[in-house]
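The values are calculated or read from the model by the stated rules, or taken from the named source; none is laboratory data. Quick caveat, the model's predicted, so the values are computed rather than measured. Note that each Cβ is placed from the backbone with ideal geometry, even for glycine, and that neighbours are counted across all protein chains shown. Accessible surface is based on the protein model in full, side chains and every heavy atom, while ligands, DNA and RNA are left aside. Shrake-Rupley method; radii C 1.70, N 1.55, O 1.52, S 1.80 Å.
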Amino acid sequence: MSTQRRGAWLHHHPDTIKAWIELKKAKHLPKYSGGQPRQLLPVIKEFEDLVTHDSEVTAAFTRMMEEGADKHIPDLKTLLQLLNETIDEAPQCMPDNDPVGIPMYAILKQFVEKPTAYIVFTHPKVNAQIQKIFRVWTRFLVSPASRETLTTNFDGWFGPHGSQLMPNFVQDFACRPSQPYFGFTSWDDFFVRKLNPSARPIVAPADNLVINCACDSSVFRMEKYVKAHDSFWIKGQPYSLYHILDNHDLTSQFVGGTVIQATLSPVDYHRWHSPINGRIIDTKLVEGTFYAPSPTEAGTFPYSKTPADTPQAEFTDIISRSQGFISAFATRALIFIESVDPRVGLVCFVGIGLGEVSTCEITVSKNDRVSKGDEIGMFHFGGSTHCLIFGPDVNLHFVNSLGGDLLADDRLVINSKLAEVVTSEPFGE
């Protein structure tokens, strides 16, 4: 069985990531390229000052560096130089099965997976500085200069490998292939590309007992009888509703209910569609952490300490293995939708940033009416996962594309059938 599940955000083979790092070093770093040293950008210099001058941060960061340093990134200087060179580059599409679609995480990975990483990446000062770095990178990713990888070249997203990853791109997405960069104005414009009208038909648009998929994604986990509060930091990462929903007043309506979580890969469509017909009751953006791993996953590796029958066992990168934990910690968007059918009731969509810029944009407002398939928001720039949360009185039968029982790692196609509500109670009684 493959050791990599669908939806992971880094290449499953560490040698591919290390080879990519070596290429960046040979191209950009004076020690390896023979070129002139490039001055650190102000935001990277601020990061250096933080991790070398703040005693609390320095102690934790130094320990993490000692745990994770190797010949590829042997010291802080190399790490800072790699980040410095990445902040004004767009993600590349790499060969060998998967793209390095999130370069910052590719650089930080060997440190994020170490035991001290949880302490470092949950520290408020570190988190604030990483957010400042991302703001600078964001300015580049929304600029025309970021289109450098939107080409048909070998490492371009419309090149041979990109075409294999996205075989129906022109048919599925709004683009202009006859124009430079397929008509996209920036990397982010490509990332949040829109669907062509016929690309994802809306299944059962008038059947309110059919719940549709809110994202193109792959199933991470389904869990019933979810608790109001739970120990989301322990092995297994159970869902803790009040933490996920940031103590929202509506949280109590979901206690004892069902959560389904699914992951979006770098090549997936990153807009969110309403899974039901209803009305927006409330929305909320919750600020969170970047790269904070589950403390029970840090320092472990798949198939070594984790049973092979758990969802985490098949993910080779720690952030993908930490999705349950991250649902209560990372930057996320909450959209509460009341179904037109009381047998479905209140549903909450939770968009969760896994890494990189992790920007969540909500495009609906309180009291808006939505129909199945209507856009409700999108992820920008980087890693993402999402949850749908249902109340305790909703009996759901989740189904795959063939009508059978839905399983972990099954592929979800936006606007297609995700579940049906099993009820003997007629509508209106």
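Here are the numbers for the structure shown:
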| quantity | calculated |
| --- | --- |
| Where a residue in segment 167-188 is within 17 Å of SER146 (Cα to Cα) and open to solvent by 70 Å² or more (accessible area, probe 1.4 Å) and its partner, wherever it lies, is assigned to a helix (DSSP H, G or I) and modelled with pLDDT of 95 or more, with Cβ under 6 Å and at least six apart | TYR181/ARG147 |
| Residue count, segment 348-365 (criterion: more than 21 Å from the chain's Cα centre (by Cα) and either crowded, with 22+ Cβ neighbours inside 10 Å or under 12 Å from THR331 (Cα atoms) (or both)) | 0 |
| Any hit, segment 384-396, residues being within 27 Å of SER198 (Cα to Cα), at pLDDT 95 or above, open to solvent by 10 Å² or more (accessible area, probe 1.4 Å) and of a type in the set (S, T, N, Q) | no |
| Sole exception among (1) of a type in the set (Asp, Glu); (2) touching a strand residue (DSSP E or B) at 6+ places or on another chain (Cβ under 9 Å); (3) part of a loop (DSSP other than H, G, I, E, B) for ASP188, by number | (3) |
| Residue in segment 366-376 that is open to solvent by 10 Å² or more (accessible area, probe 1.4 Å), at pLDDT 95 or above and within 16 Å of LEU250 (Cβ to Cβ) present | yes |
| Count - residues of segment 196-252 that are touching a residue at least 24 places away in the same chain (Cβ under 8 Å), in a loop (DSSP other than H, G, I, E, B), closer than 24 Å to LEU285 by Cα and open to solvent by 70 Å² or more (accessible area, probe 1.4 Å) | 1 |
| Any helices (runs of 4 or more DSSP H) falling wholly within segment 1-97 and containing at least 1 residues that are modelled with pLDDT of 95 or more and buried (at least 19 other Cβ atoms within 10 Å of the Cβ) | 42-53, 55-68, 76-86 |
| Residue ID - nearest to PRO266 (Cα to Cα), chosen from residues in segment 104-125 that are open to solvent by 10 Å² or more (accessible area, probe 1.4 Å) and in a loop (DSSP other than H, G, I, E, B) | GLU113 |
| Options TYR181, TYR118; residue that is touching a Ser or Thr at 6+ places or on another chain (Cβ under 8 Å) and at pLDDT 95 or above | TYR181 |
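One line per residue, one yes/no per condition, for (1) modelled with pLDDT of 95 or more; (2) under 27 Å from LEU406 (Cα atoms):
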{"residue": "VAL267", "(1), (2)": "no, yes"}
{"residue": "ILE276", "(1), (2)": "yes, yes"}
{"residue": "ASP282", "(1), (2)": "yes, no"}
{"residue": "PHE290", "(1), (2)": "no, no"}
